[in-house]
Amino acid sequence: MQILLVEDDHALAKALQQALQKQSHTVNEVGSGEAALHIINVETPDIVILDLGLPDMDGIDVLKNVRKKHPDLPILVLTARAQLDDRIIGLDSGADDYLAKPFEMTELFARLRVLERRLSTSHSAEIRVANVCIDTNHNSVTLDEKELELSRKEYMLLKSLMENAGRIQTRNTLESRLYSWDEEVASNALEVHIHHLRKKLGSDFIKTIRGVGYKVN
């Protein structure tokens, strides 16, 4: 899943980025409202984590602007404004969820899993296609009830395909979910990951749609 993190506290942003990457998310971060609006309009992420205390504009204004063009984009607000009225304003302005600082990382992960399930064709913590099952709570994969050992990128790729079962995922879409802006991507990296997954899952599990991308049925 591709997450855009909008947070002007650089140390906190880096800590969050690293923690979320360990949960097999692709995270890009910006530190201003204007940058966030530009990125969302040019390269819309799967989910936005938005801090309200931004240096150039109030996060509520960012939220309202995003909602005009992207009414269905999941947005999780992070803020030090913990008063009830502040939470109500945030939710009424279009936030899908609201997490007050300081917070536990485990709670952030759990709330993101809820938002992620809204985007998926699966609506539970388990994503099952044929004899392959992903447990998103534990980031594990089983084949015929036996756990598989996958690299982080292999897991991320398989999860993106399985949570969109029946939908074709283009090469660009898959690469954007596997790699953040600061990662170098080899020209054949995606094909290498697909090859490794097919060796572990069987050659027919992931279908190639020539000239378009990949899918699982």
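The values are calculated or read from the model by the stated rules, or taken from the named source; none is laboratory data. All figures in this text were calculated on a predicted structure; none of them were measured in a lab. Because the Cβ atoms are built from the backbone with ideal geometry, glycine has one as well, and the counts that use them run over all protein chains shown.
A few points about this structure:
- Residue match in region 125-140 (condition: of a type in the set (D, E, K, R), out of contact with any Cys (no Cβ under 8 Å at 6 or more places or on another chain) and over 30 Å from Gly213 (Cα atoms)): no
- Counting only residues that are surrounded by 12 or more Cβ atoms within 10 Å (Cβ to Cβ) and either in contact with a Pro (Cβ under 7 Å, 6 or more places away or on another chain) or part of a helix (DSSP H, G or I) (or both), region 189-217 holds 12 of them.
- Pairs with Cβ under 8 Å, 6+ apart, first in region 2-16 and surrounded by fewer than 23 Cβ atoms within 10 Å (Cβ to Cβ), second basic (Lys, Arg): Gln2/Arg177
- Test: residue in region 162-171 that is free of Cβ contacts under 8 Å to residues at least 24 places away in the same chain, exposed (fewer than 15 other Cβ atoms within 10 Å of the Cβ) and among the β-branched types (Val, Ile, Thr): no
- Against the list (1) in contact with a helix residue (DSSP H, G or I) (Cβ under 7 Å, 6 or more places away or on another chain); (2) farther than 19 Å from Trp181 by Cβ; (3) of a type in the set (Asp, Glu), the condition Glu29 fails is (2).
Yes/no per residue for (1) among the charged types (D, E, K, R); (2) surrounded by 18 or more Cβ atoms within 10 Å (Cβ to Cβ); (3) at pLDDT 90 or above; (4) touching a strand residue (DSSP E or B) at 6+ places or on another chain (Cβ under 6 Å):
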| position | (1), (2), (3), (4) |
| --- | --- |
| Asp58 | yes, no, yes, no |
| Arg67 | yes, no, yes, no |
| Ala82 | no, no, no, yes |
| Leu112 | no, yes, yes, no |
| Leu119 | no, no, no, no |
| Ser124 | no, no, no, no |
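- When Arg113, Arg67 are checked against the criterion of being charged (D, E, K, R), closer than 30 Å to Leu201 by Cα, not assigned by TED's automatic domain parsing to the domain that holds Ser160 and not in a loop (DSSP other than H, G, I, E, B), a single residue qualifies: Arg113.
- Which numbered condition Gln21 fails, given (1) farther than 22 Å from Glu175 by Cα; (2) modelled with pLDDT of 90 or more; (3) assigned to a helix (DSSP H, G or I): (1)
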